[in-house]
Amino acid sequence: MSTGQGILRRFNEKGMAEFERRLATLRSGGHAFIDDTFVTNGALTEPMIPEIPIDRQSFKTKREAGSYLSELSRPARAICGDDDRGMWTWLAAWYWDAVCPVGKDGHRRVLNLFHYVYGHGFSAGPNASRHLIAVPVRLFELPAKSKLMLETPFHTMPKVVSEITGRLALTRIKALPVLLDMLYWDPHTRKQKPGAVSPQTVTPGDLMHRLPARLKQLEMTYDLVDLTAEKLLRRCPTINALHWH
């Protein structure tokens, strides 16, 4: 796709169906184009209101994407809401080279459709928490910023991110992003600590199994929504015990 500018658009129902068809073709090893002609096709898309200029940038991290797209999409979301499937899905097509880059072998690795089609299989349901465009925006707009989640590559959806964004109760805890960095982010390597996410096994303090259960227990005694991360660690021994070294 070319570099340059355009205006923010959304897919209509016909455009959504065509994007899904092209993605399915690519996943099956076939050939399909996701290019400028496709994303500006007046029969498949329509401009958002108000008209918003948009740059085609090469985001490296979710932080970069969230920062730019949060501000850019805010006027449109004020009118259409935060769950406009056509807009989020169109953005994935507009940034196709960024969300599905060509690998060293010259091929693209096309992920499951719900990473590109907002709420695929649901109506803005569980799979919306795995969308490669919407998730960075929502993470960036949380009251606190998490390096653990925002410093991950833009074109991937690590388990550590999907586990948090898929649990609505956890995202309501304002200090959660800071708490996650305290527990699972290594400031020296600037990477996630080993063992933070263990899909196959349950390990003490892991993010997939232990932390959500511990927080649920604590909510029976504490109001966690407005507690700072420091207070969570200091006042709640069951959380403090998870602080890895």
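Here, each number is a calculation from the coordinates, and none is a lab measurement. The structure displayed is predicted, hence computed values, not measured ones. Glycine gets a Cβ as well: all are built from the backbone with ideal geometry, and neighbour counts include every protein chain shown.
Brief remarks on what is shown
- Distance between the pseudo-spin-label points of residue 186 and residue 40 (7 Å out from Cα toward the beta carbon): 4.6 nm.
- The alpha-carbon atoms of the range 5-141, seen along their principal axes, cover 39, 32, 32 angstrom, with the largest extent given first.
- Residues 11, 154, sorted so that the one with the fewest Cβ neighbours within 10 Å comes first: 154, 11
- Average Cα contact separation per residue, the range 5-141, under 8 Å, 6 or more apart, as relative contact order %: 29
- Alpha-carbon Rg with Dmax, taken over the chain, Å: 19.2, 58
- Full extension of the chain between residue 102 and residue 58 yields a length gain of 14.6 nm, computed as 0.36 nm times the residue separation minus the alpha carbon distance.
- Angle between the chain longest axis and helix 85-94 axis [Cα atoms, degrees, rounded to 10]: 70
- Only lysine pairs 8 or more places apart or on separate chains count here, and in the range 47-170 those with Cα atoms under 15 Å apart total 5.
- Model label points for residue 234 and residue 216, set 7 angstrom from Cα along the Cα-to-Cβ axis, are 2.9 nm apart.
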